[in-house]
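Colleague: First the structure, then my questions, so here it is.
The values are calculated or read from the model by the stated rules, or taken from the named source; none is laboratory data. If you're wondering where the values come from, they're calculated on a predicted model, not measured in any experiment. Positions of Cβ are generated from backbone atoms using ideal geometry, with glycine treated the same way; all protein chains shown enter the neighbour counts.
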Amino acid sequence: MPITKLSTVYAGHIDLGDMGQDATPGNERRYGNDRLASVFDKTEAIFYHLADSRERGIREITPWYEEHVKMFGPLGFVPGITPAQLEASTKRGGWGAAGVPTVEHYAKMGAWFAGPAEELVAHLRSVEETYPGLEYVHLSNSMGTPQAVMLEQLAWLGKEVMPAFVMR
């Protein structure tokens, strides 16, 4: 079964106007946790950042990824991070020496994406092939991404990525 839904949930209140996005403020979700849990086995989530090149995307998303690690690492939402790496992530500098996983590490795993829109489409197609039965893909900007960047990313996603899946 092909991916049938691409969506995003963003934090806070951002006026998306008529951008054509299936975006919902986190505090205005249509479905409760029980409903969301019922589709979990048919859902994939990916943090994304579109850019003209992979290198530029990695460079731009890294500060937000690092904030993500600082916030969600202690809560257990950074898979594979060790206690020593977690401790290092709370300090300025020293991440590399402590072996804190980079955004590139998680990009190789498929949990984070940075690069051109056509590469995200290709990545999503490979996810679709790897996980037959996957119906929903949740694409998210990292916590800490500035509002203006979120709006730019949502517009870019809606224009160059979503049509590859929702128009078929």
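Colleague: What number goes with the only condition from (1) more than 21 Å from Trp156 (Cα to Cα); (2) part of a loop (DSSP other than H, G, I, E, B); (3) charged (D, E, K, R); (4) in contact (Cβ under 8 Å) with a residue 60 or more places away in the chain that Glu67 does not pass?
Modeller: For Glu67, the exception is condition (2).
To keep it simple, each residue is scored yes or no on (1) surrounded by 15 or more Cβ atoms within 10 Å (Cβ to Cβ); (2) more than 21 Å from Glu66 (Cα to Cα).
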residue: Ala114; (1), (2): yes, no
residue: Ala122; (1), (2): no, yes
residue: Glu129; (1), (2): no, yes
residue: Leu139; (1), (2): yes, no
residue: Gln147; (1), (2): no, no
residue: Ala155; (1), (2): yes, yes
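Colleague: Going residue by residue through the stretch 87-100, is there one that turns out to be polar (S, T, N, Q), more than 17 Å from Arg54 (Cα to Cα) and part of a loop (DSSP other than H, G, I, E, B)?
Modeller: Yes, the stretch 87-100 contains at least one residue that is polar (S, T, N, Q), more than 17 Å from Arg54 (Cα to Cα) and part of a loop (DSSP other than H, G, I, E, B).
Colleague: If you don't mind, another one. State the number of residues belonging to the stretch 32-64 that are assigned to a loop (DSSP other than H, G, I, E, B), surrounded by 11 or more Cβ atoms within 10 Å (Cβ to Cβ) and at pLDDT 90 or above.
Modeller: The number of residues fulfilling the criteria is 2.
Colleague: Restricting the first residue to the stretch 79-96 and requiring it to be more than 22 Å from Ala107 (Cβ to Cβ), which pairs with a second residue that is surrounded by fewer than 17 Cβ atoms within 10 Å (Cβ to Cβ) meet a Cβ separation below 7 Å and a spacing of at least six or different chains?
Modeller: So the pair list comes out as Ala84/Ala98; Thr90/Lys70.
Colleague: Restricting the search to the stretch 98-147, which residues are charged (D, E, K, R) and either closer than 30 Å to Pro83 by Cβ or without any contact (Cβ under 8 Å) to a residue 60 or more places away in the chain (or both)?
Modeller: Listed by number, the residues that qualify are Glu104, Lys108, Glu118, Arg125, Glu129.
Colleague: Working only within the stretch 65-95, note down all residues that are loosely packed, with under 13 Cβ neighbours inside 10 Å and either within 15 Å of Met143 (Cβ to Cβ) or of a type in the set (A, V, I, L, M) (or both).
Modeller: Listed by number, the residues that qualify are Leu75, Phe77, Ala84.
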